[in-house]
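Derivation of every value follows stated rules applied to the coordinates shown; laboratory data play no part. Model, not experiment: these values are computed from the prediction. Neighbour counts run over all protein chains shown; Cβ positions are idealised from the backbone, glycine included.
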């Protein structure tokens, strides 16, 4: 046999599983993880579901740090959840983030009185970053619920009303933090009152709203 005519045996195509069932994908779609993930997402979406977890040869996909080519992995397994379950998970996760931030605000009501102005400004900047995470999840919830999310209320407040109120509270806090150092003690007292009587209660109402959302049915 001529050496030039020898060809290595082709490696078997990786097996792909979704929700405990093996799925057949077009051959070009199993050449890379990116293509497989795309096919799985499309398949889950056709069932009104979204992917919740993916494993590559038993390793969580997020830990696979580099793109693998065909033949370097043998099995891809994925699980999906319904849109309603996704909504519930987002509501729970967002409510937990809001609760932790509320606790931080409540603990700071007294400490801001003894902090110097730069400390209080750094604290507020830190909270602004912490607020962005639940707000981003609220954006995802809005994509799922559409107009119904704006129509729902808890404690007489709709989501739009909550967000408008946050804007007013944040503006007031920013103005207080801009006061000169010679007014640091009065400014600190105003800041403490804002945390205790405005920001803390706002976070509590948002918690209640998310709790009600968790109890609702998406369909």
At a Förster distance of 25 Å, what's the computed FRET efficiency of residue 161 paired with residue 96, Cβ-Cβ distance as r, to 0.05?
0.65
With a cut-off of 18 Å, note down the residues of segment 80-111 whose backbone N falls inside the zone around a label point 7 Å from the Cα of residue 189 toward its beta carbon.
109-111
Would you mind computing, in nm to one decimal, how far apart the modelled labels at residue 196 and residue 119 are, each placed 7 Å from Cα along Cα→Cβ?
1.8 nm
Contour minus end-to-end for residue 48 and residue 178, with contour as 0.36 nm per residue of separation and end-to-end as the Cα-Cα distance?
41.9 nm
Angle, helix 200-215 long axis vs. longest principal axis of the chain, Cα atoms, 0 to 90°, nearest 10?
40 degrees
Shape call, segment 55-165: gyration tensor on alpha carbons, a/c limit 1.5:
oblate
Quick one: angle between helix 117-145 and the longest Cα principal axis of the chain, in degrees between 0 and 90, rounded to 10, please.
50 degrees
Averaging over all projection directions, find the projected area of the Cα convex hull of the chain and quote it in nm² with one decimal place.
18.1 nm²
When the chain is modelled as a GNM with alpha-carbon springs shorter than 10 Å, which of 76, 27, 105 fluctuates the most?
27
Computed, not fitted: 222 nm per-residue ellipticity of the chain from DSSP H runs ≥ 4 (each -39500 (n - 2.57)), nearest 500, equal to -19500 deg cm²/dmol
Using only Cα atoms, tell me the angle between helix 159-177 and the longest principal axis of the chain; keep it within 0 to 90° and round to the nearest 10.
60 degrees
Given the options 59, 42, 94, state which has the largest fluctuation in a GNM of the chain using a 10 Å cut-off (strictly under) for Cα springs.
59
Between residue 23 and residue 104, the FRET efficiency computed from the C-beta separation at R0 = 30 Å comes out, to the nearest 0.05, as 0.10
Note: residue 144 to residue 89 extended length (0.36 nm per residue) minus current alpha-carbon separation gives 18.6 nm
Name the residue, out of 63, 113, 175, whose mean-square fluctuation peaks in a Gaussian network model built on the chain with Cα pairs under 10 Å.
63
